[in-house]
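This report refers to the structure that appears directly beneath it.
The values are calculated or read from the model by the stated rules, or taken from the named source; none is laboratory data. A quick note: this is a predicted structure, and the numbers were derived from the prediction, not measured. No Cβ is skipped: glycine too gets one built from the backbone with ideal geometry, and neighbour counts run over all protein chains shown.
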Amino acid sequence: METVIVVEDIIKRYGDLAAVDGVSFKVYKNEIFGIVGPNGAGKTTLVECMEGLRIPSGGFIRVLDLDPKADGYKLRQLIGIQLQEGLFPDRLKVNEVLDLFAGLYSRSVAIRPLLEKVGLLDKADGYFDSLSGGQKQRLSIAVALVSDPQVVFFDELTTGLDPQARRAMWGMVSSIRDAGKTVILVTHFMEEAERLCDRVAIIDRGRIVALDTPANLISRIDGGLRINFWLDDLSIVTELENIKGCKLTVSDQDITIQCADRRVVDEVKRVLEHNNCNFHDFTVSKPTLEDVFLSITGKEMRE
Ligand SMILES: Nc1ncnc2c1ncn2[C@@H]1O[C@H](COP(=O)(O)OP(=O)(O)O)[C@@H](O)[C@H]1O
Ligand SMILES: [Mg+2]
């Protein structure tokens, strides 16, 4: 496998805070590499070091064999960076935005096919401020692709979008990989990472706590099943914790139990019913990347 990005022991400090605290990984050509974790984990700081937009306090980075710090100009001709929504002037038309960005690069793709690819051809003459949230995000994807980059960085691409627009965006990101490019996808949506990424680095407090394919990460959790419900009264928790094979987490009144098989599910129900507990919204599901995060860090992803 061809290595496109090497990150070795990267540290980025802001005063006393180590926002990125000794992170190492490689990204291979033509994969979607996910960087996931809660807000404030250090994801944006990390990718911006890879893009050459922030200077690490220590460590080593090579992107396409270039040092983002020393070879920043050369590197930015080869990578695509998705800019956050709202960064384009309201009274600029969609095709003018793309012409403007195309002009910044020594090479660029034809604008019309690009607009067609992101589904904005009929909006080519529309003003930026007439676009919906999803359309603005699609324009930011087009801007990231205008230089025909080998590596594309997306940071929270789908934040603020409704589920339908989010799914449309997922299709677009997959098609970028299918076109032979390498994608770095930063997200705090675990479901998005699970669906899209070939490999995922889970970041918490500036460190990688796990790195693997979503399927391998999920299969590593002891429990094959996840039980969720909530209780009016938490006094039963100790008894539930004592059930063999039951890994229990409490957050306010919400109970999450990870377990290996159906028998534990039946036993949990039996204990609840036997003690006349008021339990609500009892569901059993297969584990997800959210559960991986919970099982590694002991806390929920969602704030
Ligand atoms: N320019 C900055 N100056 C000081 N602290 C910063 C700066 N940028 C980010 N931070 C802090 O670094 C931590 C990581 O931030 P960030 O990389 O934006 O995380 P994420 O993208 O995972 O939400 C946070 O605690 C944030 O407040
Ligand atoms: Mg961020």
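Summed over the stretch 15-39, the residues that are over 14 Å from ARG199 (Cβ atoms) and without any contact (Cβ under 8 Å) to a residue 60 or more places away in the chain give a count of 3. If we keep just the residues of the stretch 186-212 that are modelled with pLDDT of 95 or more and within 11 Å of ligand 1 (Cβ to nearest atom), which is farthest from ASN30 (Cα to Cα)? My answer is ARG205. If you go through the stretch 244-263 and pick out every residue that is outside any strand (DSSP E or B) and either out of contact with any helix residue (DSSP H, G or I) (no Cβ under 9 Å at 6 or more places or on another chain) or surrounded by 15 or more Cβ atoms within 10 Å (Cβ to Cβ) (or both), you end up with 5.
A quick yes/no check of all residues on (1) under 28 Å from PHE293 (Cβ atoms); (2) in contact (Cβ under 8 Å) with a residue 40 or more places away in the chain:
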site	(1), (2)
GLY133	yes, yes
LYS136	no, yes
SER140	yes, yes
SER147	no, yes
PHE154	yes, yes
THR158	yes, no
GLY171	yes, no
LEU185	yes, yes
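Determine whether the stretch 108-122 contains at least one residue that is touching a residue at least 24 places away in the same chain (Cβ under 8 Å), more than 16 Å from ligand 2 (Cβ to nearest atom) and exposed (fewer than 14 other Cβ atoms within 10 Å of the Cβ).
no
Taken over the stretch 9-60, residues that are within 17 Å of LEU157 (Cβ to Cβ) and of a type in the set (Lys, Arg) amount to 1.
Residue under question is GLY52, and the condition is that it be assigned to a strand (DSSP E or B), crowded, with 21+ Cβ neighbours inside 10 Å and not hydrophobic (A, V, I, L, M, F, W, C); does it hold? Reasoning before the result, please.
Working: assigned to a strand (DSSP E or B): no; crowded, with 21+ Cβ neighbours inside 10 Å: yes; not hydrophobic (A, V, I, L, M, F, W, C): yes.
For GLY52, the condition - assigned to a strand (DSSP E or B), crowded, with 21+ Cβ neighbours inside 10 Å and not hydrophobic (A, V, I, L, M, F, W, C) - is not met.
Let's see how each residue does on (1) among the hydrophobic types (A, V, I, L, M, F, W, C); (2) under 24 Å from THR45 (Cα atoms); (3) under 23 Å from the mean Cα position of the chain (by Cα):
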{"residue": "ARG112", "(1), (2), (3)": "no, no, no"}
{"residue": "LEU120", "(1), (2), (3)": "yes, no, no"}
{"residue": "TYR127", "(1), (2), (3)": "no, no, no"}
{"residue": "GLY133", "(1), (2), (3)": "no, no, yes"}
{"residue": "LEU139", "(1), (2), (3)": "yes, yes, yes"}
{"residue": "ASP155", "(1), (2), (3)": "no, yes, yes"}
{"residue": "SER175", "(1), (2), (3)": "no, no, yes"}
